[in-house]
Amino acid sequence: MGNTSSNHLGIPPAKGPSAVGCTDFMMDHTAQGCFFRLYYPCQETEKAEKPDWVPSREYFNGLADFMKINRTLSEKIFNYLFGSFKIPAYLDAPFKSNGKCPVVIFSHGLGAFRTLYSAVCAEMASHGFIVASVEHRDQSASATYYFREKTESERTRKRAPKTSATGQDNLVKEWMYYRTLQHGEREFPLRNKQVKQRADECILALDKLTEINSGTPVQNVLKTQFDWTTLENSMDLCKIAVMGHSFGGATAIEALCKEVKFKCGIALDAWMFPLDDDNFPRVKQPIFFINSEKFQWAGNISRMRKLDSAAIQRKMITIRGTVHQSFPDFTFLTGNWIGKMMKLKGEIDPEIAIDLSNKATLAFLQRHLGLEKNFNQWDPLIDGEDDNLIKGTNVTVLQSAI
């Protein structure tokens, strides 16, 4: 399956001291439930496999819908380009950590889904974090799924062989695809409603992790091999951050506003449009804006600046030579020509860019979660002190706009 000639392409392995495991969790099978991929420090293991980067063809179909291209044709193209890539983490590997893990809840961008930021999430896990990458059910993901109960007639039909991985005979998988803006529909009401739901889903993921940490037995609708009881007392629930890219950056800010358990936020190239400005004064936690050079514009930056505060640390850096898609995994998986044509790659080496973003993030998290790690070696990056960084922004914002 997929493009085998891509030996130099691939999602970079995590650089931290721990091996990384990942597993999927769905609690409450309905669309109102909670669905995330968990990344965590794991035991070194021979047996475990690395999962496919794109979990199933429905996600390729969803990406096609999002990009407004033909499903059949694009499925072949996507499968050729991306079908052979693996996530840099071991599926369902046993959890192992030397101490209690700080927690990060991660929110994906518009048209993305839970697996597309594995370079960022696996890096955090390799440094001892437990990271829940939420798959949103607000119709902003390219695709996602939940389950509904079978109807009477479906139940009484001849017992079909099991196709779903749940092992729960009375459930049917339902796919939910990206919802485009209708003709004449105003965008703000939709995006504002979505960002509120997304923040609630981040908080729900944190609630589930809190239950798992307390030893409450949980029912994972997805029958994975992972033993959730091993996560009892594994998390330091005083050290929780929220992070996201683009629409997920806005989601992180909304989540900070709604939930004080999030002690700080990291916004990767945030798209500020969905947020109510009125809520900004209610955000009391530190925020770190890590921007690309090519995506931002004056109106978006001026909204970030509205969160500036004398009392609370609000930091901003820009990574030179980057584009909006320098944060998701796509940037590592295409050659230069296709990558630049599809705006998945900027001028900078994508591994250098993600490394700067990850190290700056770790330094900021150490500072504001009070971690006893060595991430403060990267403190200068928080202030843009590197040849590939700009302190603040490359965008000119007129004073009157702020």
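The values are calculated or read from the model by the stated rules, or taken from the named source; none is laboratory data. Everything quoted here is computed from the prediction, not taken from an experiment. Every residue, glycine as well, gets a Cβ built from its backbone with ideal geometry; the counts of neighbours run over all protein chains shown. Heavy atoms of the whole protein, side chains included, go into the accessibility calculation; ligands, DNA and RNA do not. Shrake-Rupley method; radii C 1.70, N 1.55, O 1.52, S 1.80 Å.
Straight Cα distances below 19 angstrom link K150 to the lysines K158, K162, K173, K223, with same-chain residues fewer than 8 positions distant left out. In the structure shown, do any of K47/K373; K284/K306; K294/K391; K68/K294; K47/K96 have a Cα-Cα gap over 20 Å, and if so which? Pairs exceeding the cut-off: K47/K373; K68/K294. Diffusion coefficient (Stokes-Einstein, Kirkwood radius over C-alpha pairs, 37 °C, 0.692 mPa s) for the stretch 199-293: 225 µm²/s, rounded to a whole number.
Put simply, the convex hull of the Cα atoms in the chain casts, on average, a shadow of 21.0 nm². If I fit a long axis through the Cα atoms of helix 247-258 and take the longest principal axis of the Cα atoms of the chain, what angle between them do I get, 0 to 90°, rounded to 10? Tilt of helix 247-258: around 80 degrees. Note on the stretch 243-396: Kirkwood hydrodynamic radius from all Cα pairs is 15.7 Å, rounded to one decimal. Looking at the chain, the DSSP beta bridges with both ends there are about 45 percent antiparallel. Note on the stretch 296-384: Cα-Cα pairs beyond 17 Å make up 58% of the total pair count. For the stretch 49-91, list residues with backbone N below 18 Å from a point placed 7 Å from the Cα of T180 toward its Cβ? Label zone hits: 59-75.
For K15, a cut-off of 14 angstrom between C-alpha atoms picks up these aspartates and glutamates, skipping any fewer than 8 places away in its own chain: E123, E351, D355. Averaging over all projection directions, the Cα-based convex hull of the stretch 1-140 occupies 9.3 nm² in the image plane. GNM remark for the chain: springs join alpha carbons under 10 Å apart, and the peak mean-square fluctuation among V242, V195, V54 falls on V54.
In the chain, the portion of solvent-accessible area held by carbon and sulfur atoms comes to 50 percent [1.4 Å probe, whole percent, DNA, RNA and ligands not counted]. In the chain, helices alone account for a calculated mean residue ellipticity at 222 nm of -8500 deg cm²/dmol, with every DSSP H run of four or more residues adding -39,500 (n - 2.57). Taking 0.36 nm per residue of sequence separation and removing the Cα-Cα distance, the D379/R57 pair yields an extension gain of 111.8 nm. Structure remark: mean-square fluctuation, Gaussian network model of the chain, C-alpha springs under 10 Å; the largest value among I319, I87, I77 belongs to I77.
Per the Kirkwood formula applied to alpha carbons, the stretch 1-77 shows a radius of gyration over Rh ratio, Rg over Rh, of 1.03.
For the stretch 261-321, what does the equivalent ellipsoid look like in terms of its semi-axes, each the square root of 5 times an eigenvalue of the Cα gyration tensor, given largest first in whole Å?
Equivalent ellipsoid of the stretch 261-321: 19, 14, 10 Å, largest first.
Distance from the alpha carbon centroid of the stretch 331-391 to that of the stretch 53-77 works out to 29 angstrom.
With the charge dipole of the chain set up from +1 on Lys and Arg Cβ and -1 on Asp and Glu Cβ about the Cα centre, the Cα lying farthest toward the positive end among the listed residues L222, P88, V104 is that of L222. Using only the alpha-carbon atoms of the stretch 167-240 as identical scatterers, what base-10 log of I(q)/I(0) does the Debye formula give at q = 0.18, 0.21, 0.27 Å⁻¹? For the stretch 167-240 at q = 0.18, 0.21, 0.27 Å⁻¹, log10 I(q)/I(0) is -0.93, -1.02, -1.23. Its convex hull of Cα atoms gives the stretch 108-158 a direction-averaged projected area, equal to a quarter of the hull surface, of 5.6 nm².
A straight Cα-to-Cα reach below 20 Å connects K193 with the lysines K258, residues fewer than 8 places away in its own chain not being considered.
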